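J.: Just dropping this structure here.
The values are calculated or read from the model by the stated rules, or taken from the named source; none is laboratory data. Keep in mind that what you see is a predicted model, and the values were worked out from it rather than measured. Glycine also receives a Cβ, built like all others from the backbone with ideal geometry; neighbour counts cover every protein chain displayed.
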Amino acid sequence: YHPVKLPTSPGIVNCYGGAESTSVSVGVRVRPLSSREQSSAEMRSVVDVVGNNIKLTTDSGTVHCFTYDHCFWSLDDKHPLYASQEAVYNALAQPLLEKAYEGYNTCLFAYGQTGSGKSYTDLLSRADYLHSQNPPEDQLPQCRAEVELSYIEIYNERIYDLLSSGGSGSDRREALRVREHPKDGPYVEGVAHHLVSSYDHLQTWLMLGNKERSIAATGVNDKSSRSHAVFTIKLTQMQVEDVEGEHLESSKVSIINLVDLAGSERVAAAQSQGDRLKEGVCINKSLLTLGKVITALAESEGRRRPFIPYRESVLTYLLKESLGGNSRTAMIATVSPCNVYLEETLSTLRYAQQARMIIFERGGRTP
Ligand code: ADP
Ligand code: MG
């Protein structure tokens, strides 16, 4: 990001971002103050949304202003920029799903501090689209879409299946490996794939996996998620055409990855010890590497064979094809408006700003 210092009263205003058009669409959603935060005399909101800008005011009066593709306000539903679940879905998820139908791989990240609203921002909330898009059977050219899903979590740099057919107790869970297909890229070996026939069916699997996801207490939040979850939808569109007496079949495959990243809070802030510390380090390793990959991609524009450190963490390795190349990516960054989380919020906003700077090469394989 490029800070521009403008001396205005009352404090200094730092501006980041701007109107550059970028490949990664980034939205920031500000959650409301919780009732506990509202009732505390020391806690107040330090975040404001003005158009596509988020403004954050520090105690010393410095204003940090970040520009994104979308800003969503949810502090107060009377605010003119108040954004419903549907508005967030329409701005970030819907365009990606449309790209998936065109044959692109797509990836949607949720990034932010634990308790800032990553899970609340249920990005598949209106994905009934996935099935309703199928044209009627008798229509020509005949087209049929097949939706298959898998759901994994990455915990301590290990991959676990959240939907393995046998069901699992967390102690007996077996870690899976990433393998790399010469053409299709990295995939999880042995992960269970489930064919779904309706949107409700898809939601059922998603809920089942969420239940399975590892949750434990840390200093920040009672129920903080300390793993990254990757929900993968494989969309296969099959088309059958009879051209001049010849029976032609073709198919188009695209992958949609929804990634609920672990909480972005720092290890120290979480008062971590022992196992928790190890988790913290591993969570940070994936988040850190994701940051490095995002930065490297942002800086690689124009270079022919830039080094991108995908293999430094499981998450980035697995998402290699979704982060670079023939893909469309979006990120929803969620933040708390509360003054006590100012540092964390600032760090989330910077990370999200960096993601916006990625420019993909568009010359590669087209679907
Ligand atoms: P995370 O997944 O980032 O840890 P959650 O999505 O679980 O955080 O949100 C934490 C709490 O804040 C939940 O009780 C949730 O209902 C509430 N919350 C988060 N975002 C919003 C929002 N935009 N509007 C209303 N409540 C929200
Ligand atoms: Mg969550």
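Every residue, every condition in (1) at pLDDT 85 or above; (2) closer than 25 Å to residue 254 by Cα; (3) surrounded by 17 or more Cβ atoms within 10 Å (Cβ to Cβ); (4) within 23 Å of the chain's Cα centre (by Cα), yes or no:
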| residue | (1), (2), (3), (4) |
| --- | --- |
| 52 | yes, no, no, yes |
| 58 | yes, no, no, no |
| 64 | yes, no, yes, no |
| 89 | yes, yes, yes, yes |
| 93 | yes, yes, yes, yes |
| 108 | yes, yes, yes, yes |
| 141 | no, yes, no, no |
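J.: Out of the residues in segment 188-209 meeting the condition of being without any contact (Cβ under 8 Å) to a residue 24 or more places away in the chain and within 21 Å of the chain's Cα centre (by Cα), tell me which one is surrounded by the most Cβ atoms within 10 Å (Cβ to Cβ).
T.: 204
J.: Against the conditions (1) of a type outside the set (Ser, Thr, Tyr); (2) part of a helix (DSSP H, G or I); (3) at pLDDT below 80, where does residue 305 fall short? Just the number, please.
T.: Among (1) of a type outside the set (Ser, Thr, Tyr); (2) part of a helix (DSSP H, G or I); (3) at pLDDT below 80, the lone unmet condition for residue 305 is (2).
J.: Inspect segment 78-86 for any residue being within 16 Å of ligand 1 (Cβ to nearest atom), at pLDDT 90 or above and surrounded by 14 or more Cβ atoms within 10 Å (Cβ to Cβ) and give the result as yes or no.
T.: No - not one qualifying residue is present in segment 78-86.
Every residue, every condition in (1) on the phi > 0 side of the Ramachandran plot; (2) modelled with pLDDT of 90 or more; (3) in contact with a helix residue (DSSP H, G or I) (Cβ under 6 Å, 6 or more places away or on another chain), yes or no:
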| site | (1), (2), (3) |
| --- | --- |
| 293 | no, no, yes |
| 296 | no, no, no |
| 299 | no, no, no |
| 309 | no, yes, yes |
| 341 | no, yes, no |
| 346 | no, yes, no |
| 357 | no, no, yes |
| 360 | no, no, no |
| 366 | no, no, no |
